[in-house]
Amino acid sequence: MSDYITAREFHAAEGVEDWRVIGDGACTFIRTASFAESARLVQAIGGLSAVRDGGPDVDIRRDGVTVRLITITDDYYGMSRHDVELARQISALARDLGLPTDPSAVQNILIVPGAADTAAVMPFWRAVLGYEPRGDSPDADLVDPHDRGPGFWFEQMDEPRQGGGAIHIAVWMPYEQAEARVAAALAAGGRLVRDVSPAWWTLADAAGNEADIATVKSRD
């Protein structure tokens, strides 16, 4: 039986209520009172039995730690049963340390360059960013080999965007946060370009630059 699971299967598992799958991984934010407390939390996470050599991805800040769990192989980016077990262990550790989790605070940014011929522009972006093709979608995605920067997905475009805007990003977030974020963007002067909810809403600013509010809802 494959260890790989879908985002829906991850969310259906017991003991992962503190986590949300956004983009390619399951994330949570664990609040702390200081940078030193954040560092101690990460050290404790490193001692968990489910932690492998690759470890979880962590971002340490003065007010907390963002943790991302993802299984990456030569041809797979996504969730696995191992990620479920590690999520359970990290949540239990946070509870034992008296640290609250806040999955509403997580998000993930994807940058979407558009081109009539994406194959012609990807080598430039690979060189200028120092990125590499993503294993499971090398003809469409570039990723930071050090997991520091946002992913790039290249959109094939037959014609320019309405308004002429050249920028398109995707903001991955928990589904329960998405509608409020869409409403805030519309109230701030944006317009709705496409409603493919609950998977995504495409919004645009006055110049035509676009941003997707994206979730994994209905993508399995």
Margin query: All but one of (1) surrounded by 12 or more Cβ atoms within 10 Å (Cβ to Cβ); (2) in contact with a helix residue (DSSP H, G or I) (Cβ under 8 Å, 6 or more places away or on another chain) hold for Asp139; state the number of the condition that does not hold.
Written below: (1)
Checklist line | Positions within region 1-42 being within 20 Å of Arg88 (Cβ to Cβ) and among the basic types (Lys, Arg), in sequence order | finding: Arg8, Arg20, Arg31
Next item on the list: May I ask you to list pairs of residues, at least six apart or on different chains, whose Cβ atoms are under 6 Å apart, with the first in region 48-71 being touching a residue at least 24 places away in the same chain (Cβ under 8 Å) and outside any strand (DSSP E or B) and the second being of a type outside the set (D, E, K, R) and surrounded by fewer than 19 Cβ atoms within 10 Å (Cβ to Cβ)?
Entry: Leu48/Gln89; Ala50/Gln89; Arg62/Phe35
Next item on the list: Residues being free of Cβ contacts under 8 Å to residues at least 24 places away in the same chain and either within 25 Å of Asp57 (Cα to Cα) or in the same structural domain as Tyr77 (by TED's automatic domain parsing) (or both): count how many of those fall in region 144-196.
Entry: 5
Check: When only residues in region 74-102 that are over 10 Å from Asp3 (Cβ atoms) and of a type in the set (S, T, N, Q) count, which is farthest from the chain's Cα centre (by Cα)?
Finding: Gln89
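Has region 70-84 got any residue that is surrounded by 18 or more Cβ atoms within 10 Å (Cβ to Cβ), within 27 Å of Pro198 (Cβ to Cβ) and assigned by TED's automatic domain parsing to the domain that holds Trp200?
First, the residues of region 70-84 that are surrounded by 18 or more Cβ atoms within 10 Å (Cβ to Cβ): 70-71, 77-80, 83-84.
Among the residues that remain, those that are also within 27 Å of Pro198 (Cβ to Cβ) are: 70-71, 77-80, 83-84.
Among the residues that remain, those that are also assigned by TED's automatic domain parsing to the domain that holds Trp200 are: none.
The answer is no, given that none of the residues of region 70-84 is surrounded by 18 or more Cβ atoms within 10 Å (Cβ to Cβ), within 27 Å of Pro198 (Cβ to Cβ) and assigned by TED's automatic domain parsing to the domain that holds Trp200.
For every residue, the table says whether it meets (1) of a type outside the set (A, V, I, L, M); (2) in contact with a Leu (Cβ under 6 Å, 6 or more places away or on another chain); (3) assigned to a helix (DSSP H, G or I).
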{"site": "Leu86", "(1), (2), (3)": "no, yes, yes"}
{"site": "Ile90", "(1), (2), (3)": "no, no, yes"}
{"site": "Arg95", "(1), (2), (3)": "yes, no, yes"}
{"site": "Leu99", "(1), (2), (3)": "no, no, no"}
{"site": "Ser104", "(1), (2), (3)": "yes, no, yes"}
{"site": "Ile109", "(1), (2), (3)": "no, no, no"}
{"site": "Val121", "(1), (2), (3)": "no, no, yes"}
{"site": "Phe124", "(1), (2), (3)": "yes, no, yes"}
Notebook entry, point to check: Residue check, Arg126 against (1) under 28 Å from Gln43 (Cα atoms); (2) among the basic types (Lys, Arg); (3) surrounded by fewer than 16 Cβ atoms within 10 Å (Cβ to Cβ), all met but one. Which one?
Noted result: (1)
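The values are calculated or read from the model by the stated rules, or taken from the named source; none is laboratory data. What you see is a predicted model, and the numbers here were worked out from it, not measured in a lab. Please note: Cβ atoms are built from the backbone with ideal geometry, for glycine as well, and neighbour counts cover all protein chains shown.
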